[in-house]
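Enquirer: Sharing a structure, written as structure tokens. Questions coming.
Just so you know, all these numbers are worked out from the coordinates, no wet-lab data involved. Not measured: the values here are computed from a predicted model. Cβ placement follows ideal geometry from the backbone for every residue including glycine, while neighbour counts extend to all protein chains displayed.
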Amino acid sequence: MSKLHDTIHRVTQRVIENSRGSRAAYLELMQREADNQPDRAQVSCSNLAHAYAGALEDQEALKANRGANIGIVSAYNDMLSAHQPYGRYPERLKIYAREVGATAQVAGATPAMCDGVTQGETGMELSLFSRDVIALSTGVALSHAMYDGVLMLGICDKIVPGLLMGALRYGHLPTIFVPSGPMPSGVSNKEKQRVRQLYAEGKATRAELLESELGSYHSPGTCTFYGTANSNQMMMEMMGLHVPGAAFIQPGTKLRQALDREAVHRVAAIGRGGNDYRPLGKCVDEKAIINAAIGLLATGGSTNHAIHIPAMARAAGVQFDWSDLAELSSAVPLLARVYPNGAGDVNHFHDAGGMGYVIGELLEAGLAHRDVLTVGPSDLAAYAQEPGLDGEALTWREIGESGDAEMLRPASAPFQSDGGMRLVQGNLGRACFKSSAVERERWTIEAPCRVFEDQPSVAEAFRKGELDKDVVVVVRFQGPRANGMPELHKLTPPLGVLQDRGYRVALVTDGRMSGASGKVPAAIHCTPEALGGGPLARLRDGDVVKVCALTGELSTTADLDSREAAPDPRDEPGFGRELFAMMRMHADSAERGGSAMLATAGL
């Protein structure tokens, strides 16, 4: 293993220094929580009776206080394809627990909404704040103090960050995340993108579009493109919170079941009662957060994690911001091209070597921290292998060279020398630019802007031909406090069409995009947001705006100081949005994680 890269070392030391007080306070709290957790033998019999009454098969073991009692927190529903397999998981996990003298109970459930279903609809305005709700639900599930370890059943966009944020407040407990894996590959991503653009131009029918989409999203399992859900699984590997290699094994396979069994056996083994105590709060430290960011950059993962990583870090007392992410990006090469950054999906990625290959390359090049406390058998090096079966036994093996040089490359010959996540800033604020998906000749766009305050207005202007020119499309009042910071993927097909027609086009917004942000240059998550008078609120149609990933510039030549901010639009109540008014009111900036829960908790 090579010496740690100077930039990785420098950023890590800065994060450690910036986090010194908050991290110490967090660890002190976790120690106090561990010391205060009662031995169940000392808990009131009435309390225990309530907890044990429903556990008919395990009552005797629970009464005798034999072995660890494992809490299962599940985000199961059968509307999310990725979470549909979790329906039968508790039955199996309880059996696996009994194999090692432990017990397991479903501690609680969390909501799990799908950004793919709410895309462009009103429900998307609840999406980001669903992360806080999930964290709070996790807190409720673990509030019973009946558990010696935790299994987290969740995969998708806000769900894994929310589960982790909630679990970190119970960081004295060992915790393992248990994915269910991606669905098999369907219609090629290139074909799906082609039909979407044809539909945007009016050259494909709605029936043809639906048929194409159903060919892609067709069965239980995670969507196969490399968006936020699969980026979550990558990060859990990079942080050492999975059984090694568990991320991208498909549902319903023997190997998937063997990994699930190992997760149960392992969480029972790393509790306080044994010799290998690995509490979550110790696993998720500054180096683990840095590793998560490095994995994001090395694989071209979802830009949503520019919001989620700071939020997850804060829950563990770690301070991490976009300057840290951008500096890491300057040193971390892009090793993977997975759709939408390449042709193949996560199944092809896994078959080519997957996370084991990426982690091995990063460690060998000194681009990741090996010396992190993982839930696995050792440090991060255990995650540089791939799982398999020898008969019925779970094994791990070396990966060797990449199985597809168009999908995965070594650190010595990457797709590009940096991680493709850039900070752009100037008199319009600070924003993220995902350069890994954008052709280099489009990294700089300077053009008059058109200003909009919602997606339908952009679509209407596109249909009327008003955007057939070089243009920077500004979509504002989309931040956390304005309307919950929805994703804006209905913008991608029309802007992609304009780009294909030969125009120089860019997007600037205080809203969100994700791993599916695509080929159009975009300055996203802009902070400060327009609500409350941020710079975007002072832009007017025709102002010249420059977005440049090369120089890190996000600016306008307009005299913003001389203008009044546009009035804040007020949404009509409906679709449950009014229930989240307090979250919008208290949410902090996108760079801080866009969380009302963390802001009001003073974290």
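Enquirer: Classify segment 244-293 from the C-alpha gyration tensor, please: rounded if a/c falls under 1.5, else prolate or oblate depending on whether a/b exceeds b/c.
Expert: Verdict is oblate for segment 244-293.
Enquirer: May I pose another question? Using only the alpha-carbon atoms, how far is helix 354-364 inclined from the longest principal axis of the chain? Give it as 0 to 90 degrees, nearest 10.
Expert: That helix lies at roughly 90 degrees to the long axis.
Enquirer: Using the Kirkwood radius over C-alpha pairs as Rh, can you work out the diffusion coefficient of the chain via Stokes-Einstein at 4 °C, viscosity 1.567 mPa s, in µm² per second?
Expert: 53
Enquirer: I've got another one for you. Using the Cα centre of segment 421-569 as the reference point, and only Cβ charges (+1 on K/R, -1 on D/E), how large is the resulting charge dipole? Debye, rounded to the nearest 20.
Expert: 400
Enquirer: Now for a separate question. Provide, for segment 421-569, the number of lysine pairs with alpha carbons under 17 Å apart, each pair being eight or more places apart or on different chains.
Expert: 5
Enquirer: Have a look at Val117, Gly484, His144 and report the one farthest towards the positive end of the charge dipole of the chain, computed about the Cα centre with Cβ charges (Lys/Arg +1, Asp/Glu -1).
Expert: Selected residue: His144.
Enquirer: Each residue of segment 173-181 in turn: what ³J(HN,Hα) in whole Hz from Karplus with 6.51, -1.76, 1.60 and θ = phi - 60°, glycine and Pro shown as x?
Expert: So the J values, rounded to whole Hz, are 9, x, 9, 10, 8, 10, x, 10, x.
Enquirer: Report the gain in length on full extension from Asp404 to Ser323: 0.36 nm times residue separation, minus Cα-Cα distance, nm rounded to one decimal.
Expert: That works out to 25.9 nm of additional length.
Enquirer: Next question, about the same structure. Going by Cα centres, segment 60-124 and segment 560-603 are how many Å apart?
Expert: 32
Enquirer: So, by mean Cβ neighbours within 10 angstrom, what's the order for 135-143, 270-278 with the highest one leading?
Expert: 135-143, 270-278
Enquirer: Using a Förster radius of 56 Å, what is the FRET efficiency between Ser562 and Glu60 based on their Cβ-Cβ separation? Nearest 0.05, please.
Expert: In this case the efficiency is close to 0.15.
Enquirer: Then there's this: Sticking with the crude label model, points 7 Å out along Cα→Cβ, report the distance from Cys45 to Thr600 in nm, one decimal please.
Expert: Spacing of the two 7 Å Cα→Cβ label points: 4.1 nm.
Enquirer: Under the rule a/c < 1.5 gives rounded, and otherwise a/b versus b/c splits prolate from oblate, where does segment 421-569 land using the Cα gyration tensor?
Expert: Note, shape of segment 421-569 comes out rounded.
Enquirer: Given 0.36 nm per residue, what is the gain on full extension from Leu214 to Phe575 after removing their alpha carbon distance, in nm?
Expert: Using 0.36 nm per residue and subtracting the Cα-Cα distance, I get 127.3 nm.
Enquirer: Roughly how many Å is it from the Cα centre of segment 444-516 to that of segment 288-346, as a whole number?
Expert: 24
Enquirer: Taking H as built 1.01 Å from N, whose amide H comes closer than 5 Å to the amide H of Gly429, not counting residues under 5 places away?
Expert: none
Enquirer: Averaging the inverse of every distinct alpha carbon separation and then flipping it gives the Kirkwood radius. What is it for segment 215-321, in angstrom units?
Expert: This gives a value of 15.3 Å.
Enquirer: Let me ask you something else. Roughly speaking, what is the stretch gain from Val544 to Thr444, that is 0.36 nm per residue apart minus the C-alpha to C-alpha distance, in nm to one decimal?
Expert: 34.7 nm
Enquirer: Return Ile134, Ile95 ranked ascending by Cβ neighbour count within 10 Å, so the fewest neighbours appear first.
Expert: Ile95, Ile134
Enquirer: Which of Cys526, Cys114 comes first, and how do the rest follow, when ranked by fewest Cβ neighbours within 10 Å?
Expert: In increasing order of surrounding Cβ atoms, one gets Cys114, Cys526.
Enquirer: Oh, and also: Where does the chain land at 222 nm, in deg cm²/dmol rounded to the nearest 500, when only DSSP H runs of n ≥ 4 count, each adding -39500 (n - 2.57), divided by all residues?
Expert: Value at 222 nm, helices only, nearest 500: -10500 deg cm²/dmol.
Enquirer: Go through 200-209, 473-482 and give me the packing order, highest mean Cβ count within 10 Å leading.
Expert: Result, highest mean Cβ count within 10 Å first: 473-482, 200-209.
Enquirer: Follow-up. Quick one: His265, His348, fewest Cβ neighbours within 10 Å first, how do they rank?
Expert: His265, His348
Enquirer: Any idea how far apart Glu28 and Lys469 come out in nm if each label point goes 7 Å out from Cα toward Cβ?
Expert: Computed distance between label sites Glu28 and Lys469 equals 6.0 nm.
Enquirer: Could you tell me which of rounded, prolate or oblate describes segment 30-77, using a ≥ b ≥ c as the square roots of the eigenvalues of the alpha-carbon gyration tensor, with rounded for a/c under 1.5 and, failing that, prolate when a/b is larger than b/c and oblate otherwise?
Expert: oblate
Enquirer: Within segment 420-572, what percent of beta bridges assigned by DSSP are antiparallel, to the nearest 5?
Expert: Expressed as a percentage, antiparallel bridges in segment 420-572 total about 55.
Enquirer: Quick one: of the DSSP bridges fully inside the chain, what percent are antiparallel, nearest 5?
Expert: 45
Enquirer: Taking R0 as 56 Å, what's the FRET efficiency between Asp500 and His586 from their Cβ-Cβ distance, rounded to 0.05?
Expert: Efficiency, rounded to the nearest 0.05: 0.85.
Enquirer: For helix 322-331, what angle does its Cα long axis make with the longest principal axis of the chain, in degrees from 0 to 90 and rounded to 10?
Expert: 90
Enquirer: Quick one: angle between helix 254-269 and the longest Cα principal axis of the chain, in degrees between 0 and 90, rounded to 10, please.
Expert: On a 0 to 90 degree scale, this one is about 60.
Enquirer: Continuing with this model, one more query. Which semi-axes, in whole Å and largest first, does the equivalent ellipsoid of segment 330-433 have when worked out from the alpha carbon gyration tensor as the square roots of 5 times its eigenvalues?
Expert: Gyration-tensor ellipsoid for segment 330-433: 29, 18, 13 Å.
Enquirer: To continue, here is another question. Along the three principal axes, how long is segment 1-94 when you take its alpha carbons, biggest first, rounded to the nearest angstrom?
Expert: Between the extreme Cα coordinates on each principal axis of segment 1-94 lie 56, 41, 28 Å.
Enquirer: Can you give the FRET efficiency for Tyr277 and Val100, using 1/(1 + (r/R0)^6), R0 = 25 Å, r = Cβ-Cβ distance, to the nearest 0.05?
Expert: Taking R0 as 25 Å, the efficiency between Tyr277 and Val100 is 0.95.
Enquirer: Show me the ranking of peptides 579-590, 364-375 by mean Cβ neighbours inside 10 Å, starting with the highest.
Expert: 364-375, 579-590
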